[in-house]
1. If a residue has to be under 24 Å from Q416 (Cβ atoms) and either out of contact with any strand residue (DSSP E or B) (no Cβ under 9 Å at 6 or more places or on another chain) or at pLDDT 95 or above (or both) to count, how many in region 466-486 make the cut?
2. Being at pLDDT 95 or above and either surrounded by 21 or more Cβ atoms within 10 Å (Cβ to Cβ) or among the β-branched types (V, I, T) (or both) is the filter here, so list the residues in region 295-311 that pass it.
3. For residues in region 213-224 being among the aliphatic types (A, V, I, L, M) and in a loop (DSSP other than H, G, I, E, B), which is most open to solvent (accessible area, probe 1.4 Å)?
4. Go through region 105-212 and tell me which helices (runs of 4 or more DSSP H), entirely inside it, have 3 or more residues that are among the hydrophobic types (A, V, I, L, M, F, W, C), open to solvent by 20 Å² or more (accessible area, probe 1.4 Å) and touching a helix residue (DSSP H, G or I) at 6+ places or on another chain (Cβ under 6 Å).
5. Is it fair to say G415 is at pLDDT below 95, touching a strand residue (DSSP E or B) at 6+ places or on another chain (Cβ under 6 Å) and outside any helix (DSSP H, G or I)?
6. Applying the selection to region 378-412, what residues are modelled with pLDDT under 90 and part of a helix (DSSP H, G or I)?
7. Kindly list the number of the only condition in (1) open to solvent by less than 60 Å² (accessible area, probe 1.4 Å); (2) in contact (Cβ under 8 Å) with a residue 60 or more places away in the chain that fails for G395.
8. Filter region 92-101 down to the residues that are open to solvent by less than 10 Å² (accessible area, probe 1.4 Å) and not polar (S, T, N, Q), then identify the one that is nearest to the ligand (Cβ to nearest atom).
Amino acid sequence: MKIDQEQFKTPLFDAMVSLAESRKVSFHTPGHKSGKGISTRFRKFVGPKIFSIDLTTLDEVDSLQKPKGVIKEAQELAAKAYGADRSFFLVNGTTGGNHAMILAACGPRDKVLVARNAHKSVLAGLIFSGAEPIFFSPAVDDNLKLTLNVTYEATIRAIDAHPEAKALFLTSPNYYGICADLERIIPYAHSKGLVVMVDEAHGPHLKFHPQLPMSGVEAGADLVVQSTHKIIGGMTQASMLHAQGPRVDMTTLATVLRFVQSTSPSYILMASLDLARMQMATEGEKLLDKAIKLAAEARSKINRIPGVSCFDKAMVKNPLFSPMGDFDITKLTITVRDLGLSGYQASQILNNKYHIQVEMADPFNVLVIVSIGDRRDDLNRLVDALRDMSKEYHGKPSQSSFIAEVSLPPFGKAGQMTPREAFFRDYRYAPLDESGGLISSEIITVYPPGIPLLVPGEIVTQEVIDYIRKMDRLGATVDGLNASNSTIAVVKQ
Ligand SMILES: Cc1ncc(COP(=O)(O)O)c(C=O)c1O
């Protein structure tokens, strides 16, 4: 890949360093005044320098709310690197980006087709905007009890069944690296007049290596948000939103971003976006090449361990699995069911006994993210630990009765109210076990992977109640209920 020399520039970071080194006297925020007022323990641990670039909006370092200097330049470089018309720095993660995309694309009662494998922030965006979601389901793999992504066919059916819809919202890749077929879906959606938004939280690296799936921007999506912090060099909370084409009003988008973002954005987070973009644009292919090779080596070793397996691209693309768009091979979904362990148990053993922390666990699997920060030694440690666990657990009586219990997530039944209407109605707490038939006023998700079981306005079903109970017993985190998972907020009727 030919490197654009301009991409070596880091205008925001350079301006921050130069301002810090100028040692001007500061009578402005932040109150720690370049670290002089920070707690000694904090300064001792992280060192003094970081505080000298914890800046505020000043002429030298521009304003995120109204960029016209180095932030504007840094965002323009990001847009060029990603192939977008405009790119925006986000300091509240992809969460804030999802809010902004929906607010920019959908107003009250606008119908939006939403692939159900959506993050909680998408639902919050729907509550903010008052838009009316029409959900369609992702495919599932019954063998791995894994939620895949939406198929091309299901998406086209949803589009054709709702000619009144204004927008389409997809999440791709999903947590496990499984993509929707954006390349075929987006042109069809555009031909039907839909604005296409893609939550690409797990894909800020895709653009920079030919062996990775096509990115949302390359596939033509109008709005794409990416968690730069999740996969490449952004600091936690640092994300980017990319926009292109004529379907989204850029002024509205910039306005809603001003609404949802802090007026005191962290310059450290924004600098990390400037540098992460530079790093990807100038040496991303080389760095990702290493990550891809490490993941491939580990996958092949893991697949030789008795009782453990790790699916690959061939399986994701196999029509028997359910035909998916593509697969990010840097994700290792390690299935531990045949060790007689749940993913949650395996994750705890890896953490407590082997000091290895995985990204997440689900009933049958643990998910490992391999990135540009990993070394061969790290992956060898994981493989050795899995070998050890295989010796200890494979072929022995199961450690848990979970296998018989695991089922796929059911969803609430569509009701008459939009998420916004239901959310703002009076509510009461009902015992979860007696909530069948009532209208949820909360977003209920089971982590991981956080796909919403209930959305405000949906009717609670017995299947959802049973599923929550089961997943709670298995060790999953249920989000949206009370602390003991015994009551649920429902609309007062
Ligand atoms: C698909 C998806 N979208 C959005 C988010 C939220 O991203 P962030 O943590 O950057 O706010 C996540 C976080 O896990 C996610 O998995």
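1. Pass one, region 466-486, residues under 24 Å from Q416 (Cβ atoms): 467-468, 480-481.
Narrowing the set further to residues that are either out of contact with any strand residue (DSSP E or B) (no Cβ under 9 Å at 6 or more places or on another chain) or at pLDDT 95 or above (or both) leaves none.
Qualifying residue count, region 466-486: 0.
2. Restricting attention to region 295-311, the residues satisfying the condition of being at pLDDT 95 or above are 295-310.
Within region 295-311, A295, A298, R299, I302, I305, V308, C310 qualify.
3. Start the filter on region 213-224 by keeping residues that are among the aliphatic types (A, V, I, L, M), which leaves 214, 217, 219, 221, 223-224.
Restricting the remaining residues to those that are in a loop (DSSP other than H, G, I, E, B) gives 214, 217, 219, 221.
Details: M214: 80, V217: 12, A219: 14, A221: 1 Å².
Per the criteria, the residue is M214.
4. Numbers: elements: 120-129, 152-161, 182-191.
In region 105-212, there are no helices (runs of 4 or more DSSP H) which contain 3 or more residues that are among the hydrophobic types (A, V, I, L, M, F, W, C), open to solvent by 20 Å² or more (accessible area, probe 1.4 Å) and touching a helix residue (DSSP H, G or I) at 6+ places or on another chain (Cβ under 6 Å).
5. Working: at pLDDT below 95: yes; touching a strand residue (DSSP E or B) at 6+ places or on another chain (Cβ under 6 Å): yes; outside any helix (DSSP H, G or I): yes.
When the stated conditions are applied, G415 passes them.
6. F402, I403, A404, E405 - these are the residues of region 378-412 that are modelled with pLDDT under 90 and part of a helix (DSSP H, G or I).
7. (1)
8. Among them, the one singled out is G93.
The values are calculated or read from the model by the stated rules, or taken from the named source; none is laboratory data. Because the structure is predicted, anything quoted here is derived from the model rather than measured. Here Cβ is always computed from backbone atoms with ideal geometry, including for glycine, and neighbour counts include all displayed protein chains. The accessibility values were calculated without ligands, DNA or RNA, using every heavy atom of the protein model including side chains. Shrake-Rupley method; radii C 1.70, N 1.55, O 1.52, S 1.80 Å.
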